[in-house]
Amino acid sequence: MSPNDATVLQVQDLGFAYPGRPLLQGWSLQVRPGVSLLQGGDGAGKTTVLRLLAGALLPQAGTLVLRGVPLQTQGGAYREQVYWVEPRAAGLDEITAADWLAQGPARYPRWNDEALARHVDGFGLQAHVHKPMYQLSTGSQRKVLMAAGLASGAVLTLLDEPVAGLDKPSIQYLQHALAEEAGKATAQAGERAIVVAHYEALPGVPWRNIWVLPD
C-alpha cells in the first residue's frame, strides 16, 4: 500500500440521532489523503457530520480514529489535528480578520504563511482583512475561514458549504485551490485530508471520495 492510500481518518459504525430524527446508524468510512466531498441536500445533516468528524460533537455509537489517535480516549490530541471552525462561530465578531488569522501559527503546527498570503490574494480579501469580522459579508467571512483552513496544514481540514455567499471569481479560485491540494496529495503521497460538505460536486476538483447523505 502506498502512503497515498493510507487512512487518515477511520470512522467505524458511527451512530447519531437527534430526538425523533435518526441521522447515522452503523456509518463507516475511510478518509484518505486528498480532497473528498460529503454531499447532501439542505437538512441532510452535512454540518452535523462535520461536527462529528471534528470531535466537536460526540457520537452516540461507534469510533473515530485520526492518524492512530482515538477521539473517545484522546479527544484533545485528536482535535489538535483538525481544522474546523463553525461558519457562525461565537466570539469572532469583534476581532479583525487579520488578528484572527495571526493566531493560526500558534494553533496549527503546519501553518503556512506563504499559502495564507496566496489564498488571501486569491479570494480578494486584501481590502477586508483589517476590518472586524462583523463588518464582513457572509461570503467574505467564509473566505477568511477557508483561507485559514487551506493554510493551516491540518491533517483533517473540514469546510462546510464553502461557496455560500461567494462571487464567481472566488468560487473559481476555491476550485483551483482544492484541485491544487488534491494534486499535492497525489504527487507527494501526502497525509492531509480535506473534506468539503456541499450539495453538489464542484467542477474541476479531482475528488478522492464522494459520500452521499440521504435527504
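The values are calculated or read from the model by the stated rules, or taken from the named source; none is laboratory data. Everything numeric in this text was worked out from a predicted model, so none of it was measured. Ideal geometry is used to build each Cβ from the backbone, glycine not excepted, and the neighbour counts take in all protein chains shown. Ligands, DNA and RNA are excluded from the accessible area calculation, which covers all protein heavy atoms including side chains. Shrake-Rupley method; radii C 1.70, N 1.55, O 1.52, S 1.80 Å.
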| said: Suppose the Debye formula is applied to equal point scatterers at every Cα of the chain; what is log10 I(q)/I(0) at q = 0.15, 0.16, 0.18 Å⁻¹? | reply: -0.98, -1.12, -1.41
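Relative contact order for segment 69-131: what is it in percent, counting Cα pairs under 8 Å that are at least 6 residues apart? Display every interim value, and only then the final one.
Values: 24 pairs, mean separation 21.5, N = 63.
Dividing the mean separation by the residue count of segment 69-131 yields 34 percent.
Taking the convex hull of the Cα atoms, report for segment 38-142 its projected area averaged over all directions, in nm². Working shown, then result.
Details: hull surface 33.1 nm².
Projected over every direction and averaged, the Cα hull of segment 38-142 covers 8.3 nm².
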| message | Cut-off 15 Å, label point 7 angstrom out along Cα-to-Cβ of Asp215: give me the residues of segment 5-47 whose amide nitrogen falls inside. | response | 39-46
| query | DSSP beta bridges in segment 56-215, what fraction antiparallel, as a percent rounded to 5? | reply | 30
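What dipole magnitude, in Debye to the nearest 20, does the chain give about its Cα centre under +1 on Lys/Arg Cβ and -1 on Asp/Glu Cβ?
Numbers: 17 positive and 19 negative charges, 43 e Å.
Result for the chain is approximately 200 debye, rounded to the nearest 20.
Heavy-atom accessible area per residue, the chain, 1.4 Å probe: how many Å²?
Values: 9980 Å² over 215 residues.
Spelled out: the 1.4 Å probe surface of the chain, per residue, equals 46 Å².
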| Sequence-separation-based contact order of the chain, relative, with Cα cut under 8 Å and 6+ spacing, percent | 33
| Out of residues 5 or more away from Gly62 or on other chains, whose amide H comes under 5 Å of its own, with H placed 1.01 Å from N in the peptide plane? | Gly15
